[in-house]
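A short worksheet on the structure shown next.
The values are calculated or read from the model by the stated rules, or taken from the named source; none is laboratory data. Source: prediction; values computed, not measured. We place every Cβ from the backbone using ideal geometry, glycine too, and count neighbours over all the protein chains shown. Accessible surface areas use protein heavy atoms only, side chains included; no ligands, DNA or RNA. Shrake-Rupley method; radii C 1.70, N 1.55, O 1.52, S 1.80 Å.
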Amino acid sequence: PRWLTRHLDVPAVATHVILPGYCQHGIDQLVDVLEIPVICGPNDCRWLSELFGAGEVQHDLDQFDIDVIAEINHAPRRSVDDVVELARRYRQHGADVIDFGCDPNTRCQSIGDYITAIVDQGLRVSVDTFEAEVAVKHGASLVLSVNSSNREAARDWGSEVVVIPDFPGDKKSFEKTISFLETAGVKMRLDPILEPIGSGFANSLVRYADVRTQYPQHQMM
């Protein structure tokens with residue numbers, strides 16, 4: 001709001017100013033300058049329709065052939081019942097696959113109980129590779145992620161895997177792992193790795209387009 005007092009040029013016909021919901025401080029100061037009511041709106045612009053009384057906007061995604069994967073972060077720190085409740089909630093909000101997010105430095109000794117409980121809800125489950133051997137025996141159907149370091153083990157899991165290069169942009173290792181798994185008859189999704197903005201984001205988008213063209217027979221992550 002303090003920045004807006006210096007830069008916002010409000011038209012004379014305006015009756016109100018609506019700010020993003022995260023603007024929680026300095027509203028009174030802005031009202032004094034603008035001399036019209038200032039409303040703190042929703043955090044997300046997609047919720048503006050509710051602010052104006054139009055109700056929640058429903059988005060039809062049936063025209064797209066996609067799976068939505070929803071991760072439960074640090075799942076082993078929660079009880080089985082809590083994880084199942086979250087999985088149900090994620091499904092209600094459109095998730096097709098529930099990702100059981102593990103703690104990388106700690107093995108989950110009871111992962112079989114968690115996976116079984118989620119699968120019993122009629123949900124598909126994905127899991128990290130270091131928990132794959134046990135998780136797939138209890139119904140996990142997708143393993144993240146496989147490269148040259150663990151592709152041989154992937155032959156024995158009997159599940160779909162996500163393939164990544166050994167490091168972002170390493171096309172050679174990516175292609176070798178894809179070829180290895182194709183020969184072994186392992187179902188896969190390809191993930192060239194999306195890098196953060198400012199750290200190779202644009203180039204990674206180009207890689208996604210190239211991979212889609214090169215491997216049209218495989219799904220992509």
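Derived value for the range 1-128: Kirkwood hydrodynamic radius 18.5 Å. Basis is the mean of 1/r over every pair of different alpha-carbon atoms.
Helix content alone sets the calculated 222 nm mean residue ellipticity of the chain: runs of n ≥ 4 DSSP H residues at -39500 (n - 2.57) each, divided across all residues, give -10000 deg cm²/dmol.
Once you list every other residue whose beta carbon is under 10 Å from the beta carbon of Leu123, what net charge do they have if Lys and Arg are +1 and Asp and Glu are -1? Could you put the intermediate results ahead of the total?
Values: positive: Arg88, Arg91, Arg124; negative: Asp96, Asp120.
Counting the neighbours of Leu123, the net charge comes to +1.
Note that the range 118-133 has calculated 3J(HN,Hα) couplings of 6, 4, 4, 7, x, 9, 7, 10, 10, 8, 6, 4, 6, 10, 5, 4 Hz, one per residue in order, obtained from phi through the Karplus relation 6.51 cos²θ - 1.76 cosθ + 1.60 (θ = phi - 60°); glycine and proline are x.
Lys137: net charge of surrounding residues, Cβ under 14 Å, Lys/Arg +1, Asp/Glu -1, itself excluded? Spell out each step's value before the answer.
Numbers: positive: none; negative: Asp113, Glu131, Glu133, Asp156.
In short, -4.
Longest segment of the chain with no GluC sites (Glu not before Pro) in a DSSP loop having at most 13 other Cβ atoms within 10 Å? Intermediate values should be presented prior to the final figure.
Numbers: sites that count: Glu35, Glu56.
That would be 57-221.
Tell me the Kirkwood radius of the chain: reciprocal of the mean inverse pair distance over distinct alpha-carbon atoms, in Å. Numbers along the way, then the final one.
Working: mean 1/r = 0.0476 Å⁻¹.
It works out to 21.0 Å.
In the range 163-221, which chymotrypsin sites (Phe, Trp or Tyr not before Pro) fall in coil by DSSP and have 13 or fewer other Cβ atoms within 10 Å?
Numbers: sites: Phe174, Phe180, Phe201, Tyr208; in loops: none.
The qualifying sites: there are none.
Under 5 Å between amide hydrogens, built in the peptide plane, is the criterion, and for Asp99 it picks out Ala70, Glu71, Ile72, Ser126 among residues at least 5 positions away or on other chains. Between Glu133 and Leu8, the contour length at 0.36 nm per residue exceeds the alpha carbon distance by 39.2 nm. What's the carbon and sulfur percent of the chain's accessible surface, probe 1.4 angstrom, rounded to a whole number? C and S fraction of accessible area: 50 percent. Listed by chain and number, the lysines whose C-alpha is less than 20 Å from the C-alpha of Lys137, apart from same-chain residues fewer than 8 away, are Lys187.
Of the residues Tyr22, Tyr114, ranked by 1.4 Å probe accessible area with the largest first, the sequence reads Tyr22, Tyr114. Ignoring aspartates and glutamates fewer than eight residues from Lys176 along the same chain, the ones with Cα atoms less than 17 angstrom from its Cα are Glu152, Asp166, Asp191, Asp210. Rounded to whole numbers, the Karplus 3J(HN,Hα) couplings from phi for the range 185-198 are x, 8, 5, 8, 10, 9, 10, x, 6, 8, 8, x, 4, x Hz, using 6.51 cos²θ - 1.76 cosθ + 1.60 with θ = phi - 60°, and x at Gly and Pro.
Measuring between their Cα centroids, the range 1-65 and the range 71-104 lie 33 Å from each other. Taken per residue, the accessible surface of the range 1-139 reaches 68 Å², heavy atoms only and a 1.4 Å probe.
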